[in-house]
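Asker: Could you have a look at this structure, given as structure tokens, before my questions?
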2 protein chains.
Amino acid sequence: MVRSRTNIQYNKKDGYLKLGNAKEERTFLNIAQSKRFMQTIAVASKCHKFVKENLHTTIRGLYYQLKFSIGDDVDENVFNEQSESNPLIEDLEVALEVKREDLNLNANRKGVLAGNMKIIDTFGNEKIEIDCSRQGRSGWAIPSDVDNDIKFVDIKAKYVLVVEKDALWQRLNEDLFWKKENMILITPQGQAARGTRRLIRKLADAGLPIYVFTDSDAWGWYIYWTIKTGSINLAYIGTSVATPEARFIGVTMSDLDRYDFLNKLTINASDVDLKRAQEMLGYEWIKQHKEWREELERMIKSRKKLEQDALQGPRLTFVDDYIREKIKKKEFLP
Amino acid sequence: MVRSRTNIQYNKKDGYLKLGNAKEERTFLNIAQSKRFMQTIAVASKCHKFVKENLHTTIRGLYYQLKFSIGDDVDENVFNEQSESNPLIEDLEVALEVKREDLNLNANRKGVLAGNMKIIDTFGNEKIEIDCSRQGRSGWAIPSDVDNDIKFVDIKAKYVLVVEKDALWQRLNEDLFWKKENMILITPQGQAARGTRRLIRKLADAGLPIYVFTDSDAWGWYIYWTIKTGSINLAYIGTSVATPEARFIGVTMSDLDRYDFLNKLTINASDVDLKRAQEMLGYEWIKQHKEWREELERMIKSRKKLEQDALQGPRLTFVDDYIREKIKKKEFLP
């Protein structure tokens, strides 16, 4: 399967980005392709070993193992740059229909969770139970792999809120918002890592509504759409990391009409914000929604943006009321 | 106290960066200073409120509260940019001899810990006990404030290892290295946040030796020296975040002589690495050590650097043996 941008399609029926049908054939008789073929086999063989040993590493660790094990009779430049081994891992993920996490390759992790659920983490030959309502100020750190040797049980919460910024997560956590509202509070700490996206997908599969709460700017919107439709980079594992059911709770430019004080707390949109908003107006999966067209056009026209932190203006706990109100009135963007 | 770079001194006796004695006086009769005086009072008054309410926010949340509460008769530009309120917080930290965390202002947090110790986190009117040896693949996420309403008990470990990269932390955590060696395994996940630096200081105060394990490059060295001597930015809270007792365990350029295979796994030093190495050769607190001069000069001469990930070359668990060996033979840089 070709993973280039030209082969990415928006799956309208299911609402996520996926690979198209363009295929690429590699033959052993073509010299350039035979080298790549050999490299792919080397990567597969290392991953097979990691799985057999039951040990994990990263794509960087894999790269060093490949570099190390090249015999003296082989061109040393075969894996001279990690950029040469990375695409091969994606090749394997597509060809074998697995995620790199299933090949014992950890991706960067980021993201924290609190709420009424438990983790059963099979780790070091023990089953460790972690109660996500007993993690205090810290929360439970979301790992890279949330599929293998880990289970999510006793999910008693009614919905999931994904909060862009750790600062706001800490604010809501301190107010025990997840306890009072019986919900699960997640922050991806910015753009969501693979593990966090996958966990959100799994919680949606468990029947929980997913609400996303970000800044009203280019970066915040990007975080939302990545969670919802997946990203172009990860379109090759489309369904397993996208959550089309996700809804956008705010902050929105239309909040400026709801809460007068926010008009005093806007900040100037940057050129990047404006350029990105214009781009997003061109994406089929965004422009189909009138509400999103209005949001994007309002920013472009006013050249202003709004941060979720601004909801702390009147008092620190205002953000709790804001979320409650939005959920009660079902005021979400699609 | 003046916090500009010209007033930063290296405290040779104790081994950390601190503020000098240069002072700045603000008088109410000078118009520009009277504005700043008023702003400082506004910041102090907000922080006082946060502490009284027992609620936390960030400097961004504080900024929005200040912006919100400006009356119509006051120039709106008083706090138009967060860059205007940030230095005032530092003023308060210095003048009151407290940390911003004591004023209920959370800083960015980052960093994870596993090992034989427990946390008593007073959170939501409960004392929550967290066992850092029962956090599975995730580890305990180090919070912004490790001083107020939180205690570290049952510290049974023999030493602390601070590992630059989360990837390597996960590798060692999976091997239960902290259990086998009875130690505490921390990753700052790159440059250490205030909370992580402060926690390292506290563990040193509890009598544990602190070893730091980073890449052998500009960024890795910077991470080490920041943990050890503090940073220029935070010199105003010098002693409370610096750990002069810390020792550098590796990876070192001299490891290339110890482990032959590593010579195959070096990568090219970047211009930034080389420039920074040259700068570090000029710092009084670094150039005084012959071992560090040799490290820096070796990189500059060879134009090569070495990553901690490279230790996974021969096998994934080699990194465990590397650390054990260094500690057994006491092979540290000062």
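What follows is calculated from the coordinates using simple rules that are stated; it is not laboratory data. Just so you know, these numbers come straight off a predicted model, no measurement behind them. Cβ sites come from the backbone with ideal geometry, for glycine too, and all protein chains shown count toward neighbours.
Asker: Using a label point 7 angstrom from Cα along Cα-to-C-beta, what distances in nm, from shortest up, separate A:Lys301 from the other copies?
Answerer: 6.8
Asker: Quick one: with label points 7 Å out along Cα→Cβ, list the inter-copy distances for A:Asn182 in nm, shortest first?
Answerer: 4.7
Asker: Taking the Cα centre of the protein assembly as shown as origin, work out the dipole magnitude from +1 charges on Lys and Arg Cβ and -1 charges on Asp and Glu Cβ, in debye rounded to 20.
Answerer: In total the dipole reaches around 320 debye.
Asker: Would you mind telling me the antiparallel percentage of the DSSP bridges in the protein assembly as shown, rounded to 5?
Answerer: 70 percent
Asker: Dipole size in debye (nearest 20) for chain B around its Cα centre, Lys and Arg Cβ +1, Asp and Glu Cβ -1?
Answerer: For this selection, approximately 840 debye.
Asker: Further question: Distance cut-off 23 Å, Cα to Cα: go down the list B:Lys304/B:Lys328; A:Lys151/A:Lys179; A:Lys12/A:Lys158; A:Lys67/B:Lys165; A:Lys13/A:Lys326; B:Lys99/B:Lys228 and report the pairs above it.
Answerer: B:Lys304/B:Lys328; A:Lys12/A:Lys158; A:Lys13/A:Lys326
Asker: Show me the GluC sites (Glu not before Pro) within the range B:97-150 that DSSP assigns to loop and that have at most 12 other Cβ atoms within 10 Å of their Cβ.
Answerer: B:Glu97
Asker: Another question about this same structure. To the nearest 20 Debye, how big is the dipole of the range A:108-242 about its Cα centre, given +1 on the beta carbon of each Lys and Arg and -1 on that of each Asp and Glu?
Answerer: 140 debye
Asker: Of the candidates B:Met38, B:Met280, B:Met299, which one comes out as most mobile in a Gaussian network treatment of chain B with C-alpha springs shorter than 10 Å?
Answerer: Ranking B:Met38, B:Met280, B:Met299 by mean-square fluctuation puts B:Met38 first.
Asker: Follow-up. Post the alpha-carbon centroid distance, the range A:1-52 to the range A:106-174, in whole angstrom.
Answerer: So the separation of the two Cα centres works out to 32 Å.
Asker: Restricting to chain B, compute how many DSSP beta bridges are antiparallel as a %, nearest 5.
Answerer: Antiparallel bridges: around 65 percent, rounded to the nearest 5.
Asker: Can you say what percent of the DSSP beta bridges in the range B:122-269, counting only those with both residues inside, are antiparallel? Round to 5.
Answerer: 15 percent
Asker: Something else now. I'd like the trypsin sites (Lys or Arg not before Pro) in the range A:14-54 restricted to DSSP loop residues with at most 10 other Cβ atoms within 10 Å, sorted by number.
Answerer: A:Lys23
Asker: Right, something else. Just name one of B:Gly61, B:Thr243, B:Ala193: the one whose Cα is farthest towards the positive end of the charge dipole of chain B (beta-carbon charges, Lys/Arg +1, Asp/Glu -1).
Answerer: Of B:Gly61, B:Thr243, B:Ala193, it is B:Thr243.
Asker: Another one. For an R0 of 41 angstrom, estimate the FRET efficiency from the Cβ-Cβ distance between B:Arg5 and A:Ser270 and round to the nearest 0.05.
Answerer: Given R0 = 41 Å and the Cβ-Cβ separation, E is 0.90.
Asker: Distances from B:Phe261 to the same residue in each other copy, label points 7 Å out along Cα→Cβ, in nm, shortest first?
Answerer: 6.1
Asker: Next question, about the same structure. For the range B:141-227, state what percent of all Cα-Cα pairs lands in each successive 5 Å bin, counting from 0 Å until the bin that includes the largest distance.
Answerer: All Cα pairs considered, the percentages come to 3, 14, 25, 25, 21, 9, 2, 0.
Asker: Axis carrying B onto A: which residue of B has the nearest Cβ, and how far, whole Å?
Answerer: Nearest-to-axis residue on chain B, with distance in whole Å, is B:Ala141, 2.
Asker: Would you please classify the overall shape of the range B:86-179 from the alpha carbon gyration tensor, given that a ≥ b ≥ c denote the square roots of the eigenvalues, rounded means a/c under 1.5, and beyond that prolate means a/b larger than b/c while oblate covers the rest?
Answerer: It is prolate, given that a/c is not under 1.5 and a/b is the larger ratio.
Asker: Oh, and also: How big is the range A:112-328 on each of its three principal axes, counting only the C-alpha atoms and giving the largest first in Å?
Answerer: Over the range A:112-328, Cα extents along the principal axes are 58, 43, 26 Å.
Asker: If the elastic network links every pair of Cα atoms under 10 Å, which of A:Val212, A:Val251, A:Val43 fluctuates the most in the Gaussian network model of chain A?
Answerer: With Cα springs under 10 Å in chain A, the top fluctuation among A:Val212, A:Val251, A:Val43 is at A:Val43.
Asker: Please tell me the relative contact order of chain A in percent, rounded to the nearest whole number, where contacts are Cα pairs under 8 Å and at least six residues apart.
Answerer: Once divided by the residue count of chain A, the mean separation gives 15 percent.
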